[in-house]
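Participant: Quick one: the structure is below, questions incoming.
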Amino acid sequence: MAAHRRAFIAGVFEHPTRKAVNKSLGQLHREVAAGALADAGLTRADVDGYFVAGDNTNLYPLSFIDYLGLRPKVIGATDTGGSAYVTHVGQAIEAIEAGKCEVALITLAGKPRTGGAAADPVPDWPLPDVPFEQPFGRAVINTYAMCAARHAYEYGTTSEQLAWVKVAFSHHAQHNPNAMLRNVVTVDEVLESPMIADPLHRLDCCVVSDGGGAIVVVSEAVAKALARPLVAVRGYGDAVKHQAGGKVDLTYTATRWSAAVAYEEAGVTAADIRYASVYDSFTITVLEQIEDLGFAEKGKGGAFVADGGLISGVGRLAVNTDGGGLCNNHPANRGGMTKIIEAVRQLRGEAHPAVQVPGLELALVNATGGWLGTRHAAATMILETK
Amino acid sequence: MSDYLSHPAVNPETLEFWKAIGQGKLLIKGCRACNEAHFYPRAHCPHCDADETHWVEASGRGSIYSFTVMRRENPQRVVAYVALEEGPTIFTNIVGADPADVRIGAPVHLQVSQSQEGLPVPTFAM
Ligand SMILES: [Zn+2]
C-alpha cells in the first residue's frame, strides 16, 4: 500500500505515571517530550515544529515552548479537547509536506488526579453558548448521558450492551502493567456500580489520571535516517457537530463526517480495519463511534459491542488494547493522545502479546473532544505500517 | 428586580431574552428569510445565515427529547433537552418532578426558575 502522505510518526511515548504527586506540569511535558524523541532516535535540537493544546487564554503554547527550550518554526495550538492530538498530527503532516518543518513534537500532560482540576472549565460567560447551558448545570457527563438515553430510546440500546465496552477494555488492561484499573470486570459489576447520570454508571466513565504522552512526526527525509519502524498516515479528517440552532440529534456524532474524509483519503473502508483506537470518554462514546465509523449500522452498535465484540482475538474488531481511558489512562481528561500511541504500538507489533493483532498493516484512530451532546469535534486517522 | 441584567451572562445580543424571561416569557428567534426558528438566540440566522432575525414569544409547550438525572447532586437535578412546539430543541432542566417519573417524549410546559447565579431561566415542568 502506498502512503498518501509524505510524513511519518517516528516516535511515541506514554508516561508511565498515573498519579504524579511529586512532579510539576512542566516536568510531565518535558518527560513525555524526551521519551518520544528518544523513541524516534532524535533530540530536542532536531525539533522545529511544536503542537500543544490547553488553556489558550493563558497562552499555553508560549509557556511550554519556553519551558522546554524549543525554537519552533511551526506552532499549533488547536484545542478541541480530547481529539486535539489527532488533529495536531494531521496539522503537523501538512506543515511538513509544505516544507515548513521537518520534526514536529506534540505533547500532552496534565494532573487532574492530584491537582483536583475539574473536567469542566470555569464558566466563560462571553462564549455565546455558556449563558444558555451553564445555568442548567451543564457538565461533561450529562451531555454524554443524554446521548446514551436517546440512543436507548430510539434503538433499544441496553445498559448491558454499554457495559460490554468497559468489560472488553478491562480484559485488555489486565495485561498492561501501567494501567490504572487492571482487574477484569463483569457486566454485572458495571451495572451494580453507582449511577452517576442515568443511564451511565461509575464504571461507564473513564478514569481520572495524571500523566501525558507525546508524538514525533517527521519528514520522509528524516524518517529514512531513523532506525525505528515508521508509521504512515494514510488519511485523516476533522469535523465538528453542534446543536445547529436547535436541530439537536444525539444519536450520531461528528465522526460520521470525519471518518468519511479519512476513509476516502486513505482509500479504505471499515471492512479493511481490524484494530481501532476509539476515545472512550464514556461507554456511549465508543458505541456511537463504532456506528459512525461504519463498523455497525446505526442503531446496531449495541449488538456489535456485546459479548466481547471489542476484545482482541475474540471480536471482529480489536479496540483499545491498552485498556483505553476506561481502564488504562486518561491524562489531562483528554484521550486522543493515548489512542494514537496504542495504535502505533499495534502497527509496530509492540502491543502486549496477549492483545497484539497479528500481521496488522492498517489501524484506525478516532477521537471526539468537547461535549458529545452539545458541541464536539471528531478526528479520524488511518495509519499504516511502512 | 432586574439586577440580574448586569450578570456577565447577559450581553447586548441577548438582552431582550433575559428581560422577557424575567417576566415569565420565553423568547426564541425567528427568521423571515427561511421561516425557521432557532435557539440559543442570535442576531443572525444560523440556519440560512440571514443578517436579521426577530424575537418570537414561544408557547412554552414542548416535549422531552432526552434527559439525565445527576445522582450526586442534592437535590438531584434533571438535565434535559426539550423540543419546543416551535421547532428548536433547547438545553434545560425539568423541575418539580420526581426524577423517577421523567420520560422521553413526555409533554412539558415552561416554568421559569432562578439559577444558582441568580438568573431567571427557562425550565420546564411535566
Ligand atoms: Zn434563516
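Values quoted throughout were computed directly from the atomic coordinates according to the rules given, and no laboratory measurement underlies them. All values derive from a computational prediction rather than experimental measurement. As a convention, Cβ positions derive from the backbone with ideal geometry for all residues, glycine included, and neighbour counts pool all protein chains shown.
Participant: Given the residues A:G324, A:G369, which is the only one that is closer than 21 Å to A:L203 by Cα, out of contact with any Asp or Glu (no Cβ under 7 Å at 6 or more places or on another chain), of a type outside the set (V, I, T) and surrounded by 24 or more Cβ atoms within 10 Å (Cβ to Cβ)?
Facilitator: Working: A:G324 fails: out of contact with any Asp or Glu (no Cβ under 7 Å at 6 or more places or on another chain).
Result of the check over A:G324, A:G369: A:G369.
Participant: So, in region A:120-143, how many residues would count as being within 19 Å of the chain's Cα centre (by Cα) and facing chain B (nearest Cβ under 9 Å)?
Facilitator: Initially, region A:120-143 is screened for residues within 19 Å of the chain's Cα centre (by Cα), giving A:120, A:140-141, A:143.
The next check asks that each one be facing chain B (nearest Cβ under 9 Å); those that pass are A:141, A:143.
Residues meeting the conditions: 2.
Participant: Output the number of the condition that B:W18 fails; it satisfies all remaining conditions of (1) more than 7 Å from chain A (Cβ to nearest Cβ); (2) of a type outside the set (D, E); (3) surrounded by fewer than 17 Cβ atoms within 10 Å (Cβ to Cβ).
Facilitator: Here B:W18 meets the rest and fails (3).
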